[in-house]
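Report on the following structure.
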Amino acid sequence: MNPMKHQITRREWLASTAALTAVGCGRKIRIVPSQVSIVKAPAYDQSLYDTVRRIFAEHRLDLRGRNVVLKPNLVEFEPGSAINTNPMLVHAALEAARSLGAASVRIAEGPGHRRNTYDLADAAGYFTNVPDFEDLFVDLNLDDVTRMHIPRQVSGLKKLYLPNTVLRADLLISIPKMKTHHWVGATLSMKNLFGTVPGGVYGWPKNPLHWAGISESIADLHSLYPRVFALVDGIVGMEGNGPIQGTPKAAGVLVAGRDMVAVDATCCRLMRIDPFQIEYLRLASGGLESHVTEMNIRQIGESISDLATPFQLPPDFPNLRMKVT
């Protein structure tokens, strides 16, 4: 598959050139900042459709003739709760991708707790809110798979069998809920990749990934999907004992970008969680903490300080709170 095309502007070229600085006889490369959008979104209403189109335009997503897969987060049968990605946001992303000329747009998920995926999607409102949902949806737990060797292995896993629907996509758009998580602290666009691991191969709740280390497995999955975009549903998230038993948290924000590490680090700051305490972010950045560091993230839209709202921390993570100076 060809990578996503992006026409570099003179401003971006100058910025990347300025990021190179000479040190002694060698050269030190300073990380070029990743662009992350922070967008105010107070409610699940019709304004979301224009908002998502503008986000895609800001990031110059070239989707003409491309195959796009939208990956929401579907976890449990809790209609009206903050557990699952809201279907209106997913439909807004579907319409935005179509408006940019995508050849196909599919919605795909492989829940880790429930085997009856279509019933779960129905309970979460997808059949009601997304026209022709059944024709668009792929159950990744039952999809055909390909064996993938992990290029930068962090966990004990040497290979993973992953669904062809996702592997063959020109762009995978991760659309998670902004939630705390009782095992890894926060679940965002990268943790959402667990739903691409097929239950038909690894069982429910995909214990081989847990045994190999959850944070380590997240980092490995991140390395296997180079063509990604993140759109985090923080309109109403979840705090406390997430990702299932927490309480709804109205944050009124969408966070988006091509770099999942930078997006998830920005989400953490909005939640007043210290991103350096989230192990999978450190692992995925190769120990350099490159795009976890705020100076290496070019934030556009609203400021973190204007929209940040402290999420109640998971009981087993009392030290995640970010210190605000």
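The values are calculated or read from the model by the stated rules, or taken from the named source; none is laboratory data. Only a predicted model underlies this, so the values are computations on that prediction, with no experimental measurement involved. Glycine gets a Cβ as well: all are built from the backbone with ideal geometry, and neighbour counts include every protein chain shown. For accessibility, only protein heavy atoms count, side chains too; no ligands or nucleic acids. Shrake-Rupley method; radii C 1.70, N 1.55, O 1.52, S 1.80 Å.
Summary table below
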item	result
Rounded to 5, the percent of DSSP beta bridges in segment 107-187 classed as antiparallel	75
Amide H within-cut-off set for Tyr161, under 5 Å, with H built and near neighbours excluded	Met148
Heavy-atom accessible surface of segment 32-307: percent carbon and sulfur, 1.4 Å	46
Separation of the Thr309 and Glu279 label points, Cα + 7 Å toward Cβ, nm	3.0
Computed label-point distance, nm, for sites Arg152 and Arg298 using a 7 Å Cα→Cβ extension	2.1
Per residue accessible area in Å² of segment 220-325, where ligands, DNA and RNA are left out and the probe is 1.4 Å	39
Qualifying aspartates and glutamates (Cα of each under 12 Å from Cα of Lys249; at least 8 residues distant if same chain)	Asp233, Glu239
Share antiparallel - DSSP beta bridges, segment 32-307, percent rounded to 5	50
Ala250 versus Ser81: modelled label distance in nm, points set 7 Å from Cα along the beta carbon direction	2.1
Förster radius 30 Å - calculated FRET efficiency between Asn116 and Lys40, Cβ distance, rounded to 0.05	0.25
Dipole magnitude of the chain, debye to nearest 20 (Cβ charges: Lys/Arg +1, Asp/Glu -1, about Cα centre)	1280
Cβ-derived FRET efficiency at R0 35 Å, Trp183 paired with Asp135, nearest 0.05	0.50
Estimated vicinal HN-Hα couplings, Hz - segment 192-207 in sequence order (Karplus 6.51, -1.76, 1.60; Gly, Pro = x)	4, 5, 4, x, 8, 8, x, x, x, 9, 9, x, 10, x, 6, 4
Pairs from Lys71/Lys159; Lys158/Lys323; Lys159/Lys179 whose Cα-Cα separation, in the structure shown, is over 32 Å	Lys158/Lys323
Cβ-defined net charge surrounding Pro131, 13 Å radius [Lys, Arg +1; Asp, Glu -1]	-3
